[in-house]
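Heads up, the thing below is written out as structure tokens.
The numbers here are math on the coordinates, done by the rules we state, and not lab data. It should be emphasised that the depicted structure is a prediction, and the values quoted were computed from it without experimental measurement. FYI the Cβ positions are ideal-geometry reconstructions off the backbone, even for glycines, and counts take in every protein chain you see.
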Amino acid sequence: MTEPLLRIRNLRVWFPVGTALFGKPAQLRAVDGVDFDLQAGEALGIVGESGCGKSTLARAILRLVPSTAGQIVWMGQSIEGWSNRQVRPLRRDLQIVFQDPLASLDPRMTVGEIVAEPLRVHAPKLSRAERRERVADILRRVGLSPDVINRYPHEFSGGQCQRIGIARAMVLRPKLLVCDEPVSALDVSIQAQIVNLLQDLKRDFGMSILFVSHNLAVVRKLCERVLVLYLGKPMELAPTEMLYSDPRHPYTRGLLAAVPIPDPAVQPLRLGTALGGELPSPLSPPSGCVFRTRCPMAEPQCAATAPTFDEVSKAHQVACWRWREK
Amino acid sequence: MSAVLSIRDLAVRFSTPDGVVPAVNEFSLELAPGECVGIVGESGAGKSQSFLAVMGLLAGNASVSGSARLGETELLGNDREALNAVRGSKLAMIFQDPMTSLTPHLRVVDQIGESLVRHRGLSKAQARQRALELLRLVQVTDAERRLDQYPHELSGGMRQRVMIAIALACDPTVLIADEPTTALDVTIQAQILALLAQLKRERGMSMVLVTHDLGVVAGIADRVVVMYGGRIVEHGAVKDILLAPQHPYTRALLASMPRIDEVGNAPLQAIGGQPPNPRRLPNGCAFHPRCALAADRCANERPALNVAAGRAVACHFPIRVDAHD
């Protein structure tokens, strides 16, 4: 098998918190032992509730937060210990789109400057005319007229700002695009435009996507595989259709059941099946399986020992003692 | 049965330095006892402003016309004294962001107790007892301990439950819920919606649910009102509107939503353009620039809200499909 674009092994991101006067500060385990491979051209969805570690995982991969342990292998090289200076050349291949489209654009820069900035940093040899051509090209590609280059972000709607953010990320033709909740702040009718745009860009440019989202319906549209996280730990990893049609982890089932369906014939009944409880404090996670305190299937063994990440099939892994039961 | 809340020809306008902005026009709604009506629309559709107007909570530069009656009481244009007699007792509201709508420096018990002391004349001890019952009713875990906590010590879902407890304190006739689950995780959203559905069922409470999510409406509402550009564009039983929409906007909105139960990665049917800015509403039908079915007439003449067969639609060319169940 070919070398994956990105290989994550036992990745941990812990944050020291609290100010114990004496002794060690507590460790918040935001990401705690995540493994996956990402192939070139593949879109992987990372899902879970707020506080499950999905954004931290994405940021650790981009080296925007330091990882505590484990490996981040980018195109065959372990980059987890690299300095900022060493990582910088990689950034042209690793780009990100943020949730809040307006806040992630510098209000004092014109759209042209915003989209050209990555080129200035990573392709300084380009001539002015070439740069302008590249900017116009990517703006057209994301559905904006090149005439917008002299305007400022506040003149645009949320959906247009998100297109500008995507243009900035795509102008370098990155190999990996990380999308951190890119449609969550947008109106319903605009979400579909952005989802379709990302689908088109992926098809045309062939980049890989890490799609961090709490919206499981959007993830189903866009991603080939999905990783479900809970309290920083992987619960289930599977090809999208397998995960949605045959989820094996009770948490995955709970998440799927919670997404409302706009059909009055089925939705009222789904309300009764809501997953109970809330995410426990990540500072004192439950023993054994971290999900057991909310799990409808929990039994004594779940409190004693954390389940291993078992293979349901070669492509489908799940961390649950009772995954064989339906 | 007569309506518990009756809104007629509500209009909301804001005076701004750039002129008058019409936020809501010709909004009428009758809410029956024990009924839940969902109000659906995107940003700027006027859904929240309509009910802030009913509650007398609009910004200072707003002017309101029309009528909104809660039983015998006219709410619009009434003085603060008269409004305060019904707000928090017969008419209660919960908001999107449970952090900013709770008072940060007051304990949970005092926030729930406030309206009980004010409207019902309960003593502090009685209010505390009632607050505890209410927290249990809204399924707050560890209720006794929560009474003396502050909002920042609670999770988002817990805060929204406290908001609901405050709203329920005086057993309101009508509860207005303005995007009550938008800031919450889907799992917590499902819990809160299940709670609201249960309260509606068991207490016969009438409810208005303002939301942008048609899936939320499908789970709990009896009827749905779809708004666009400050006006009602479609209105009817939830089954009719969601399964056989007649307004092109309602249909397009449904088609643009990715569904969790839909296999495959066929592109979504996005609606082009964006929701209109209320400052610059298009002439004629406000949806016509984005409408796949628009004709010349739509750009010139605003369609009236036509009522027929228990539903209403404001469109020159409504989609008529013979419904066979």
Estimated inter-spin distance, A:SER78 and A:ASP204, nm [label 7 Å along Cα→Cβ]: 4.0
Residues of type lysines that A:LYS221 reaches as a straight line, Cα spacing below 18 Å, ignoring anything fewer than 8 places off in the same chain: A:LYS202
Can you give the relative contact order of the range B:108-254 as a percent, counting alpha carbon pairs under 8 Å and 6+ residues apart? 17
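Given only helices, namely DSSP H runs of n ≥ 4 each adding -39500 (n - 2.57), what is the per-residue ellipticity at 222 nm of chain B, to the nearest 500 deg cm²/dmol?
-9500 deg cm²/dmol
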If the cut-off is a Cα-Cα distance under 18 Å, which aspartates and glutamates reach A:LYS314, setting aside same-chain residues fewer than 8 apart in sequence? A:GLU3, A:ASP35, A:ASP37, A:GLU42, A:GLU224, A:GLU236, A:GLU241, A:ASP246
Given the pairs A:LYS233/B:LYS239; A:LYS125/A:LYS175; A:LYS54/B:LYS47, which span a C-alpha to C-alpha distance of over 30 angstrom in this model? A:LYS233/B:LYS239; A:LYS54/B:LYS47
Quick one: check the C-alpha center-to-center distance for the range B:77-92 versus the range B:247-284, whole angstrom. 37
Just for chain B, what percent of DSSP beta bridges are antiparallel, to the closest 5? 60
How would you classify the protein assembly as shown from its alpha-carbon gyration tensor, with a ≥ b ≥ c the square roots of the eigenvalues: rounded for a/c under 1.5, else prolate if a/b is greater than b/c, otherwise oblate? oblate
Grab the Cα-Cα distance for A:LEU64 and A:SER245, subtract it from 0.36 nm times how many residues apart they are, and report the gain in nm with one decimal. 61.7 nm
For the range A:139-262, percent of DSSP beta bridges that are antiparallel (nearest 5) comes out at 55
Amide H contacts under 5 Å for B:CYS36, restricted to residues at least 5 apart in sequence or on another chain and with H modeled in the peptide plane, are B:MET207, B:ASP222, B:ARG223
Do any trypsin sites (Lys or Arg not before Pro) in the range A:268-320 lie in a DSSP loop with no more than 15 other beta carbon atoms within 10 Å, and if so, which? A:LYS314
With Cβ to Cβ distances under 11 Å as the rule, what net charge do the other residues near A:MET207 carry (K, R +1; D, E -1)? +1
Which of the aspartates and glutamates could a cross-linker span from B:LYS124 if the Cα-Cα distance has to be under 12 Å and same-chain partners fewer than 8 positions apart are dropped? B:ASP110, B:GLU114
